[in-house]
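Since every read-out is calculated from the coordinates, none of them should be taken as a lab result. Owing to the predicted nature of the structure, the values given are computational and were not obtained by experimental measurement. Every residue, glycine among them, receives a Cβ derived from its backbone with ideal geometry; neighbour counts consider all protein chains shown.
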Amino acid sequence: MTLARSGPLPDEVPADRNGAFGALAGNDAGRVTPMMEQYLEIKAANPDCLLFYRMGDFYELFFADAEVASRALGIVLTKRGKHLGRDIPMCGVPVERSDEYLHRLIALGHRVAVCEQLEDPAEAKKRGGKSVVRRDVVRLVTAGTLTEDTLLDARRNNYLLAIARARASSAESGSQFALAFLDISTGEFRVTECDSAALGAEIARLEPGEIIVSDALFGDPELAPYWRSLPAVMPLARDVFDGATAERRLAAYFAVTTTEGFGTFSRLELTAAAACITYVERTQIGRKPPLSPPSREAPGSTLIIDAATRANLELARTLAGERRGSLLSVIDRTVTAAGSRLLAQRLSAPLTDPESIGRRHDAVEALLMDAAARADLRARLAAAPDLARALARLAVGRGGPRDLAAIRDGLTAGADIAARLAGLAQPPAEIMEAASALRDPDPAFAAELAAALAEELPAFKRDGGFVRAGYDAALDEARALRDESRRVVAALQARYAETTGVRALKIRHNNVLGYFVEVTAQHGEKLLGPPHNGVFIHRQTLAGQVRFTTTELADLEAKIASAADRALAIELDRFERLTALVTAAGAGIKRAAEALAVLDVTAGVAALAVDHDYVRPEVTQTLELIVEGGRHPVVEQALRGGGPFIANDCDLSPPSNAVCGRIWIVTGPNMAGKSTFLRQNALIAVLAQMGSFVPARRARIGVVDRLFSRVGAADDLARGRSTFMVEMVETAAILNQAGPRSLVILDEIGRGTATFDGLSIAWAAIEHLHESNRCRALFATHFHELTALAAKLPRLFNATVRVKEWQGEVVFLHEVVPGAADRSYGIQVAKLAGLPAAVIERAKIVLAEIEAEDRTSPARRLIDDLPLFSAAARAPASPREDPAHATLLAAIAALNPDEMSPREALEALYALKLKAARKEG
Ligand code: ADP
Ligand code: MG
């Protein structure tokens, strides 16, 4: 764009919103003012952000930005001035409330460039009346790079995730991905690798606030639909993901010559890590968040849980999207925000190494045994502020006096806690490590902060008054002068009242006039005439008052202002120095913050275990899974006050002569408790592996590497897939991915289609799980026919949830026992649900007739007629020896549901059915 420049250059009047428009806008002739020129230049450098252009007390938005923001924020869109002959749309937000508006814009997926005035307007004036205040963008606000408390959820991490891909070397090997993720509000920074099958699960685990990928990866035809389904995915130019410069960029950020000291990283991991760093630098512009050097998570070190399973098991939030009612909400007994974040982290990424898990259990056990130490610890923790986030804000120049106080209080609480922990008998390793991290920061450091900070602290440093009296002699002097001058003003007012005889004379202050003498209109005349007009200089006449100044008052004002300015300048300097001290000690503070979080989580889990009678699970390298007297952690707490929760056993361990775990088929009527039973066992495994105690009498868990959970016929209308389609796509993912260490929960799979279809699919799925995946699994179903499979598949076990019939009513006992349900009790349940009596009666008659007919064609034969069953029946020992069956399984195995469109998946399903039918014929 060429900018015409001619004609007079208007003045800039930044303090006053309306005045500013004149400065911004050119005139009708299409001339562009210097300020407009500045705006356009800055905007051009930040094309994909909304530009918050600072003008005095407002951030103003112009042109298309203004239109977008006014719609998004519901603020008034005005038109002021003209640019190239057209009105300039504009809207603005007051600086003081800008966080709130930022929050809303970021939540809606926008990015904001914050452009500040980099000098006092007075400075600009000195360069000549027409000069524009220097401005530039000081920060890009994006969803993944937030530091403000007001923009963040205190109890959740907010990750920026960079994903780099290495293309497959051969067709079978598939692409490899490196993931680097950091939370600039806490400094955590980690990298890991995964294959394409685990990518979705990793993203679901991290729930990043923002994802960055290269343009090429973003545009990849296979992945593009996936990126679109995620919030805040940002494509970036290739240089950000340049592998050749990655190591250098990383080393430069951490001011080291090589990253080798941080550990061994693959080239791909370095690329992703460097992309994160470069993005942080681009958004923070000259500010350095206190990031830890990247640490590597070994692939496979955490339990892989895909997005659907997380949603299904309601780990961090319920299916309705709420935290309340989720597993996290019922186990969260932490008393600090950092503890709450760590707990969420641990829940989202349970471990797979029994030894590391055992260390966490040891720590919980120690605090469980010592009730007094636990109570004391938790009380002290509750007083510890969020060290990590205060540190991050200070380091990026967005901190305030209260952040310094948070560091002071956090370190003090930490030191107290360390001292208290020293009294523990035989503290386990995890607690000892935490205690030593808490002893690490130099006590003189917290003492310095304590000496410097006043009792009451303002929210912003610009408000001043946060440095304690007596800490800085020069500051005390400036303050004394300022306060003394104020007393002189009072004396002056008394003297003027005396000499003029106007008793109501007042000396007041406002931002426009500064100090002035004010009298009512009635006395104004007196001061305007001799002899007073020799002293009093008229400034302003209002409806009721007349205002004056005097030479003496003006002098005094200058003195007051300079003393106050000097006091504030000294305070700000002190603030910078204290902040520098804090930043320099950043690494130690961060370790202390982590230690506090670990202790909080550990004590919280111990408290939970005490209150709800959880036990320490045994986690082993075997393939066992034994739960005795297990309970559902959420349902149990929800039932409090209602009936008792019926505890149930589960054993998926390999039978004595087998190497792989069992599959339980759980039958029983609706409402019997099947779903609850399935989930509770999955949740117990998750809890055990995250390092928590578990709701059971006893639990022995052979480490699970992947957890899958699916429910039949879940709705996913938002993504435009039929419920059955979703069910099948998800089931396909399990059948393709589950291995012997996996735990699979399938709840009423096959429910979403016609009975025979559904039954056949469920049947084939069980066979596949048993023969190919060979995983531990729980399969709830209302197809009683499936229980017949136990006769053929040796590791299959039938369990049913007991019900009692009593006077024609069904009574749910919620008790899981060996055996199979013989019937559905559907009509009894329908009756309980309040279906009209006439409908119930009619249904009974219909049922009786169908059952009578059924006797002539026994259920057994019905099953034998099923194509898949016949196939299985022909080859009972190993269905895979049957070549037709093997073809079918191979066809299923060849499917990659993650890469299919719903339509392709449906077609594949038809093809499978056709194949199955053919081998029957
Ligand atoms: P199903 O899947 O068999 O239809 P659910 O698992 O959904 O049954 O359970 C239905 C309801 O029964 C649950 O909401 C819960 O209130 C209750 N329930 C389930 N299991 C138990 C149990 N073990 N003890 C007490 N109440 C239970
Ligand atoms: Mg159910």
Take LEU813 and ARG167, extend 7 Å from each Cα along the Cα→Cβ direction, and tell me the distance between the two endpoints in nm. 6.3
Please compute the modelled spin-label separation between ALA830 and ALA450, points set 7 Å along Cα→Cβ, answer in nm with one decimal. 7.4
Order by neighbour count: SER901, SER175, SER675, fewest other Cβ atoms within 10 Å first, most last. SER901, SER175, SER675
Determine the distance separating the Cα centre of the range 528-572 from the Cα centre of the range 615-652; give it in Å without decimals. 77
Taking every DSSP beta bridge that has both residues in the chain, what percent is antiparallel when rounded to the nearest 5? 65
Considering the dipole of the chain built from charges on the beta carbon (Lys and Arg +1, Asp and Glu -1) around the Cα centre, which of ALA434, SER340, LEU387 is farthest to its positive end? LEU387
Once you sort the root eigenvalues of the Cα gyration tensor of the chain as a ≥ b ≥ c, which label holds: rounded (a/c under 1.5), prolate (a/b larger than b/c) or oblate (the other case)? prolate
Using the Cβ atoms and a cut-off under 15 Å, what net charge is assigned to the surroundings of ARG378, where Lys and Arg are +1 and Asp and Glu are -1? -2
Answer with one residue from THR549, THR781, LEU160: the one whose Cα lies farthest towards the positive end of the charge dipole of the chain, charges on Cβ with Lys, Arg +1 and Asp, Glu -1. THR549
Charges only on Cβ, +1 for Lys and Arg, -1 for Asp and Glu: so what's the dipole of the range 782-835 about the Cα centre, in debye to the nearest 20? 140
Estimated distance in nm for a label pair at ALA459 and ARG903, the labels positioned 7 Å out from Cα along Cα-to-Cβ: 5.4
For the range 85-92, take each phi angle, set θ = phi - 60°, evaluate the Karplus expression 6.51 cos²θ - 1.76 cosθ + 1.60, and give the result in whole Hz per residue in order, putting x for glycine and proline. x, 10, 4, 9, x, 8, 8, x
Around ARG802, under 14 Å between beta carbons, what's the net of Lys plus Arg minus Asp minus Glu among the other residues? -1
What is the dipole size for the range 305-414, taken about its Cα centre, with +1 at each Lys and Arg Cβ and -1 at each Asp and Glu Cβ, in debye to the nearest 20? 480
Spatially proximal aspartates and glutamates relative to LYS461 (Cα-Cα < 12 Å; intrachain offsets below 8 disregarded): ASP403, GLU571, ASP573, GLU576
Placing unit charges on C-beta atoms (Lys and Arg positive, Asp and Glu negative, everything else neutral), compute the dipole magnitude of the range 524-596 about its Cα centre in debye, rounded to 20. 160
Within the range 451-466, what residues put their amide N at less than 18 Å from the label point 7 Å along the Cα-to-Cβ vector of ASP99? 457-464, 466
Fewest-first ordering of TYR910, TYR53 by Cβ atoms within 10 Å yields TYR910, TYR53
Whole-Å distance, taken between Cα centres, linking the range 33-93 and the range 234-257: 33
Expressed as an acute angle from 0 to 90° and rounded to the nearest 10, what is the orientation of the C-alpha long axis of helix 443-452 relative to the principal long axis of the chain? 40
Suppose we keep just the DSSP beta bridges with both residues in the range 617-726; what percent of those would be antiparallel, to 5? 75
So if each residue of separation counts as 0.36 nm, and I subtract the Cα-Cα distance between THR551 and TRP806, what length gain in nm does that give? 81.7 nm
Within-13-Å neighbourhood charge of VAL635 [Cβ basis; K, R +1; D, E -1]: +2
Contour minus Cα-Cα span, ALA383 to ALA44, at 0.36 nm per residue, comes to 117.3 nm
If unit charges are put on Cβ atoms (+1 for Lys and Arg, -1 for Asp and Glu) and the dipole of the chain is taken about its Cα centre, the option from PRO289, LEU457, ALA521 lying farthest towards the positive end turns out to be ALA521
A chain fully extended from SER295 to VAL512 at 0.36 nm per residue, minus the present Cα-Cα distance, gains in nm 72.6 nm
When you count, for each residue, the other Cβ atoms within 10 Å and take the mean per peptide, how do 488-498, 736-746, 385-395, 559-569 rank with the highest first? 385-395, 736-746, 559-569, 488-498
Modelled FRET efficiency - R0 22 Å, ALA658 with GLU355, Cβ distances, 0.05 increments: 0.25
Checking rank on 633-645, 456-468, with mean other Cβ inside 10 Å and highest first, the result is 456-468, 633-645
If r is the Cβ-Cβ distance from ASP153 to LYS526 and R0 is 56 Å, what FRET efficiency results, to the nearest 0.05? 0.35
Candidate cut points under GluC sites (Glu not before Pro) in the range 275-352, DSSP loop plus at most 11 other Cβ atoms within 10 Å of their own Cβ, are GLU322
